[in-house]
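The values are calculated or read from the model by the stated rules, or taken from the named source; none is laboratory data. Here the structure is a predicted model, which means the values were calculated and not measured. Please note: Cβ atoms are built from the backbone with ideal geometry, for glycine as well, and neighbour counts cover all protein chains shown. In case anyone asks, the SASA skips ligands and DNA or RNA and just uses the protein heavy atoms, side chains included. Shrake-Rupley method; radii C 1.70, N 1.55, O 1.52, S 1.80 Å.
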Amino acid sequence: MSTIAGGRAARRQTLRRIRPRRSPAVPLLLAVWAGAAGVIWLWWSNTPSIADDNSKILNAGRITGLLAGYLMALVVLQMARVPALERRVGSDRVARWHAMSGRYTICLVLAHLVLIMWGYALQAGKSFGDIVQQTIDSIDQLPDMGKAAIGTGLLFLIGLLSIGPVRRRMGYDTWYHIHLLTYAAVFLTFWHQLSTGNEFAVEPTAKTVWYGLYGSVTALVLWYRILAPIRLNLKHRMRVEAVVEETPGIVSVLISGRKLHRMGAEAGQFFRWRFLAPGMRLSSHPYSLSAAPRPTMLRITVKAIGDHSSALRDLRPGTRVWAEGPYGALTAAKRSRGKVLLVAGGVGITPMRALFETLPGSAGDLTLLYRANTTQDLALWDELASIAEERGARLMYAVNSPEGERPDISAETLSRKLPDIDRHDVFMCGPPGFAQQVYEALRGAGVPARRIHHESFEM
């Protein structure tokens, strides 16, 4: 079993950092809608009249194309891992925004393609049935349309592979690397917007704004996806210190480095880890810190549920580590009440253990509820018990009965265990089904939704 000491120092560090912050989600969404309104105004100001059916179809194609181009920039922005989004809004929320924006973008691109080609066909005296031939002719005759066709095909491919049932049949690494083709798709489709878009041909200011939008997003991607990680890893030079089996199928990886406490990480956050070992160099996976950062040591605790997580147990000390982050908003900054309930399901204990150690509080303020199938699956239990004893905190577990019956985690049970639960903040991490069950129980027990803090990466 691995043990990382220094809980009091970590709490002092956390206490200095805690400044309750409001999520910038609402202002950001307002800015997004303002941008969409600006795009619609651009179309309207360059549309003197819509007289006949052909004009209506062409203009519908124009507006869907403009909105698709605007959303493409936002889709890439949501992939840039900008700290204001990843650490303030929350990585899970940004991931959901990205998935939703991607779906809307593909729908708008499809509508644009059909409508604009239909309009061109009508202009040429053809019918709706000639759309395919009209598309081929446009690719041959119009500037940058060949690149746009390839980019559109990539977008449709990525969209198809991101559908839930298809996505779940693919390995994480395969899907991740295919998803990176989004950058190529956006690059290829960008140029035809300027060369064939009526708004940009007649309005030089609009073209400048479009270059500014895409240029800014490109700069953010280059900085936060490439340059910032290079800087972080050259500065901290991380390596595997040891790999320790906590329970069957769960290991902790201790990672050493220089001045790791200056990486800006907080309890509850995660990094995307790449271990430079044979067969793992091309894989980057997100794992939460299972202890507060120390000056020379970080720790993650991982359950073997896939090829990458299973391979961690074979890592050798000295293996170089490449990390990106920290990410996630499940931190002490979410806290708004003196009393806190932490709820963990399975390996979701990792961020909860770090928060249990570091959240400032007096005796009796903190409670941790740990759900697992059996007592043997309670990873890090000895550490949790030690922290609870030192801090005067309450530690509870919920496991299946010997007959396999699942424990009752309901509003009534929670209210009985914690009569003042409606006056608690709740931090929660676990599998989606478990998280939904606990969320409903907490709401039934009177805990306001704004005080239930969790991150989920199911899209």
Subject >> Prolate/oblate/rounded call for the stretch 365-423, Cα gyration tensor, a/c under 1.5 rounded >> reply: oblate
**OP:** Evaluate the relative contact order of the chain (contact order divided by residue number), counting alpha-carbon pairs under 8 angstrom at least 6 apart; express in whole percent.
**Re:** 15 percent
Original post:
Put a dot 7 Å past each Cα toward the Cβ at residue 422 and residue 385; how far apart are the dots in nm?
Top reply: 3.6 nm
Original post:
Over the heavy atoms of residue 374, what accessible area does a 1.4 Å probe trace out, to the nearest 10 Å²?
Top reply: 50 Å²
Subject >> R0 of 35 Å, Cβ-Cβ distance residue 140-residue 28: FRET efficiency to nearest 0.05 >> reply: 0.25
**OP:** Using the structure shown, list the pairs from 207/235; 56/126; 259/339; 259/334; 303/339 with a Cα-Cα distance above 28 Å, or answer none.
**Re:** 207/235; 259/339; 303/339
**OP:** Provide the per-residue ³J(HN,Hα) series for the stretch 243-251, in order, calculated from phi with Karplus coefficients 6.51, -1.76, 1.60 and θ = phi - 60°, each as a whole number of Hz, with x at glycine and proline positions.
**Re:** 10, 10, 7, 8, 9, x, x, 10, 10
Subject >> Other-chain or far-sequence residues with amide H under 5 Å of residue 345's (modelled H) >> reply: 371, 429, 430
Original post:
Between residue 184 and residue 394, what is the spin-label point distance in nm, taking each point 7 Å from the Cα along the Cα→C-beta axis?
Top reply: 5.6 nm
Original post:
Roughly what % of Cα-Cα distances in the stretch 308-436 sit above 23 Å, to the whole percent?
Top reply: 39 percent
Original post:
Mind ordering 76-88, 415-427, 289-301, 213-225 by average Cβ neighbours within 10 Å, highest first?
Top reply: 289-301, 76-88, 415-427, 213-225
**OP:** State the Cα centre-to-centre distance between the stretch 268-335 and the stretch 207-264 in whole Å.
**Re:** 10 Å
**OP:** Using a 10 Å cut-off on Cβ atoms, rank the peptides 137-144, 334-341 from the highest mean neighbour count down.
**Re:** 334-341, 137-144
Original post:
Which FRET efficiency value, to the nearest 0.05, do you get for residue 54 and residue 208 by plugging their Cβ-Cβ distance into 1/(1 + (r/R0)^6) with R0 = 45 Å?
Top reply: 0.90
**OP:** Compute the FRET efficiency between residue 195 and residue 313 as 1/(1 + (r/R0)^6), taking r as their Cβ-Cβ distance and R0 = 51 Å, and round to the nearest 0.05.
**Re:** 0.40
**OP:** Could you tell me the largest-minus-smallest coordinate of the C-alpha atoms of the stretch 207-274 on each of the three principal axes, in descending order and whole angstroms?
**Re:** 58, 26, 20
**OP:** Kindly provide the Kirkwood hydrodynamic radius of the stretch 239-297 in Å, to one decimal, from all pairs of distinct alpha carbon atoms.
**Re:** 12.6 Å
Original post:
Points 7 angstrom from Cα along the Cβ direction at residue 216 and residue 173: gap in nanometres?
Top reply: 3.8 nm
